[in-house]
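See structure below.
The values are calculated or read from the model by the stated rules, or taken from the named source; none is laboratory data. All figures in this text were calculated on a predicted structure; none of them were measured in a lab. Note: ideal-geometry Cβ built from the backbone for every residue, glycine included; neighbour counts use all protein chains shown. Quick note on the areas: whole protein, heavy atoms, side chains included, nothing else; ligands and nucleic acids left out. Shrake-Rupley method; radii C 1.70, N 1.55, O 1.52, S 1.80 Å.
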Amino acid sequence: MAEKEVVETSEAQIAVHWKEEDLVYPSPQFIAQANMTDPEIYDRFSLDNFPNCFKEYADILTWYKYWDEILDTSDAPCYKWFKGGQLNASYNCVDRHLAEFKNKTAIHFVSELIEEGYEHVTFQELYVRVNEMAALLKDFAGLKRGDRVTLHLPMTPDLPVTMLACARLGVIHSQVFGGFSGKAAADRIIDSGSRVLITADAYYRGGNLLDHKQKADIAVDMAKEEGQVVDKVLVWQRYPGKNSTPTPMVEGRDYFVNDVLKDYYGARVEPEKMNAEDPLFLMYTSGTTGKPKGCQHGTGGYLAYAAGTSKFVQDIHPTDAYWCMADIGWITGHSYIVYGPLALGASTVIYEGIPTYPDAGRSWRIAQDLDVNIFHTAPTAIRALRKVGPDEPAKYNYHFKHMTTVGEPIEPEVWKWYYKEVGKGEAIIVDTYWQTETGGFLCSTLPAIKPMKPGSAGPGMPGIHPIIFDDDGKTLEEGAGIAGNICIQNPWPGMFQTIWGDRDRFVETYFGRYCKDINSKDWRDWPYMTGDAAVQAEDGYFRVLGRIDDVINVSGHRLGTKELESAALVCVEVAEAAVVPVSDDIKGVVPDMYVSLKPGYDASDELAAKISAALCEEIGPIAKPNKVWIVPDMPKTRSGKIMRRILGAISNKGDVGDVMTLANPEVVEIIKKMAE
Ligand code: WT7
């Protein structure tokens, strides 16, 4: 019998076997043009200079009235940033750019259908559309400052136009990811208390014109059952004046936006002077348990942080063509497609569809045609692009100066492909670590100042002071070689203000574990718990290993799923890898490894053995998988996260549960058959 090892680690700790990668330095060309090249920024934003340092971010914005107090902690941990200040987000993203840039493109819209080409919305046109929509929302829909409105919109310019129209009026928008169901929209309508739903009739996805309007009917009916009446449904048409859905309009409730807008032709609406701490929007995020949490983001703090990080980390200049591939239905899209880039007067790309539709070169053609020079996406998309077309980027004449990876840890192998093939060795990469709750980046390199390290998010952002605690609240020092719970010692402007309508849950979830005194009004007593496991290297760079619960305990060794997966990706054949724990009488649990292959490679026992050997080689025999399953594709959510829970259920011969919300439910059956 294998001996069970007794290891002196607490619950939070994960032994870290991931090898440190070599540093990669930015080019002199990048540094020469960068927005932030002054290394003293880290001193200016030291804890000693907190919170006044954040004036530097707020000064990027235009204020109607400057604040009296930079940070009010009297209701800690619900903080008020820039208290007494007044501004409007719509004004900052649109009006203030007209003097200089009215004829410049604000939004490049790319239809999924190639034959529909590109649409370029100038700042002047954005101004006109936002004003007319704001007038409609105010007069026709009766919305006013402080009201919540649910948006369930796909990726077209109508979405930022609607968001900015809401912001102009001080109406709190709550955009639900377009791919989500009618039920998901209903839950959010109910929680936010929305009486208006703004939706669309249809949009393209994978070459099909999907009926979106049907979800609105489901959402409104379900909300009504729970006592939340939606009295107006505003429907943007994919083709104005043309019906693109078989779902009928409900008389007296549903209205086509483009019809009603005719009554507001030429209308102009004065932006509301919002208090800095007034909420700008809600963004719902799911936890592992319980109903989705409505993260409430404020106007002044959020916008200052989105603009500041867009300027210093994304290195956005007004002359840049910037493409973030996320969906605006996620926080990434709010901060880094809409609010950040537009606050800086840049040209932001909105692409309706799938990055690999209709072929592996589509994304790179878009980059070439629009001369995109800043590119922003997630490891899941990078892996997908690498899988379908590892040599495609070289075929197109585009040149990025800057690329971002966000959303999950990136395997160093994937990072290197991104750097070499997509970035052509010319673009710097920032690995930005943050969350829906945090509004903007927590960790990242400042690209002209700090070198890159593949697989590592880098140091805390200026003014963000991360700390790693073990379960007892003891600090794990730099270079400790074990992971713990990464927390942030101080508040920052982009941080959410509360969970909509549930202050207790906000306090309990994010501060309950490490708060030193729940009656304290001193921010030092309220470290923010991210819920992620991370390790800090000797150079101060943080490597995030995933959610605290994404760990596998083999014979008392706590292994991060991500480091096991990274080891599998060392094999050139492997496109994606996911590890799940399987119960084992002796070892407690053992890892099952699921992999999908790049095109041109076939599954074989030899390959499975090679992958198994790679894990032993990279991490140690402790990591030897119970079984390597070579599958056609990974079960994934619509946002591209691999559903390890489903793979785990299959490996443990359990119930996979409801899979219909997946992007590809059919692969679950195929994998189940393989495992029988
Ligand atoms: C969780 C937040 C951040 C916007 C998109 C996702 C993971 C995020 C990284 C990164 C390692 C990362 C964390 C975090 N995560 N970025 N660069 N490296 N992990 O927002 O849906 O709120 O998810 O994503 O686990 O807690 P989200």
Among residues belonging to region 503-519 that are in contact with a helix residue (DSSP H, G or I) (Cβ under 8 Å, 6 or more places away or on another chain) and closer than 18 Å to H465 by Cβ, point out the one that is least open to solvent (accessible area, probe 1.4 Å).
-> Y510
Name, by its number, the condition in (1) open to solvent by less than 10 Å² (accessible area, probe 1.4 Å); (2) in contact with a helix residue (DSSP H, G or I) (Cβ under 7 Å, 6 or more places away or on another chain); (3) within 16 Å of the ligand (Cβ to nearest atom); (4) within 25 Å of W81 (Cα to Cα) that does not hold for W500.
-> (1)
Output the residue which, of all residues in region 520-533 that are within 14 Å of the ligand (Cβ to nearest atom) and hydrophobic (A, V, I, L, M, F, W, C), is most open to solvent (accessible area, probe 1.4 Å).
-> M529
Pairs under 9 Å by beta carbon, first residue at pLDDT 90 or above in region 644-665, partner assigned to a helix (DSSP H, G or I) and of a type in the set (K, R), six or more apart or different chains?
-> I650/K672
Any idea which of T105, T62, T73 is surrounded by fewer than 18 Cβ atoms within 10 Å (Cβ to Cβ) and in contact (Cβ under 8 Å) with a residue 24 or more places away in the chain?
-> T62
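A quick yes/no check of all residues on (1) within 27 Å of V220 (Cβ to Cβ); (2) in contact with a Leu (Cβ under 8 Å, 6 or more places away or on another chain); (3) in a loop (DSSP other than H, G, I, E, B); (4) of a type outside the set (D, E):
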residue	(1), (2), (3), (4)
T247	yes, no, yes, yes
G252	yes, no, yes, yes
V260	yes, yes, no, yes
E270	no, no, yes, no
L282	yes, no, no, yes
G294	yes, yes, no, yes
H297	yes, yes, no, yes
Hey, any hits in region 436-456 for a residue that's touching a strand residue (DSSP E or B) at 6+ places or on another chain (Cβ under 8 Å), away from the ligand (no atom under 16 Å from the Cβ) and modelled with pLDDT under 95?
-> no
Mind checking whether some residue in region 2-10 is more than 28 Å from the chain's Cα centre (by Cα), closer than 26 Å to Y510 by Cβ, open to solvent by less than 60 Å² (accessible area, probe 1.4 Å) and modelled with pLDDT under 95?
-> yes
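Yes/no matrix, rows are residues, columns are (1) among the charged types (D, E, K, R); (2) open to solvent by less than 10 Å² (accessible area, probe 1.4 Å); (3) away from the ligand (no atom under 16 Å from the Cβ); (4) in contact (Cβ under 8 Å) with a residue 60 or more places away in the chain:
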site: A378; (1), (2), (3), (4): no, no, no, yes
site: I382; (1), (2), (3), (4): no, yes, no, no
site: G389; (1), (2), (3), (4): no, yes, yes, no
site: P393; (1), (2), (3), (4): no, yes, yes, no
site: D431; (1), (2), (3), (4): yes, no, no, no
G178: buried (at least 20 other Cβ atoms within 10 Å of the Cβ) and either modelled with pLDDT under 95 or more than 22 Å from the chain's Cα centre (by Cα) (or both), yes or no?
-> yes
Provide a single number: the residues in region 45-57 that are farther than 15 Å from N490 by Cα and either more than 28 Å from the chain's Cα centre (by Cα) or open to solvent by 20 Å² or more (accessible area, probe 1.4 Å) (or both).
-> 2
Restricting attention to region 26-35, does a residue exist that is within 30 Å of Y66 (Cβ to Cβ) and either out of contact with any Phe, Trp or Tyr (no Cβ under 9 Å at 6 or more places or on another chain) or of a type in the set (A, V, I, L, M) (or both)?
-> yes
When region 395-420 is examined, which residues are found to be in contact with a Lys or Arg (Cβ under 7 Å, 6 or more places away or on another chain) and either among the hydrophobic types (A, V, I, L, M, F, W, C) or within 16 Å of the ligand (Cβ to nearest atom) (or both)?
-> P409, V414, W417
Filter region 221-257 for residues that are among the acidic types (D, E) and open to solvent by less than 70 Å² (accessible area, probe 1.4 Å); the one that is farthest from L153 (Cα to Cα) is D231
Within region 523-532, identify whether any single residue is within 30 Å of G460 (Cβ to Cβ) and aliphatic (A, V, I, L, M), and answer yes or no.
-> yes
With E563, E576, E606 as the choices, which residue is in contact with a His (Cβ under 9 Å, 6 or more places away or on another chain), under 28 Å from V388 (Cα atoms) and not polar (S, T, N, Q)?
-> E563
Among (1) at pLDDT 95 or above; (2) open to solvent by less than 30 Å² (accessible area, probe 1.4 Å); (3) assigned to a loop (DSSP other than H, G, I, E, B), G329 falls short only on (1)
Q536 is checked against (1) open to solvent by 10 Å² or more (accessible area, probe 1.4 Å); (2) within 15 Å of the ligand (Cβ to nearest atom); (3) within 28 Å of I190 (Cβ to Cβ) and fails just one. What number does that condition carry?
-> (3)
Working carefully through the options Y42, Y25, find the one that is more than 21 Å from A307 (Cα to Cα) and either crowded, with 20+ Cβ neighbours inside 10 Å or hydroxyl-bearing (S, T, Y) (or both).
-> Y25
Pick from Y239, Y204, Y255: which is in contact with a Gly (Cβ under 6 Å, 6 or more places away or on another chain) and within 26 Å of I350 (Cβ to Cβ)?
-> Y204
Quickly run through region 299-325 and pick out the residues that are outside any helix (DSSP H, G or I), in contact (Cβ under 8 Å) with a residue 60 or more places away in the chain, within 16 Å of the ligand (Cβ to nearest atom) and hydrophobic (A, V, I, L, M, F, W, C).
-> V313, C324
The listed residue being without any contact (Cβ under 8 Å) to a residue 60 or more places away in the chain and not in a loop (DSSP other than H, G, I, E, B), out of E508, E477 | E508
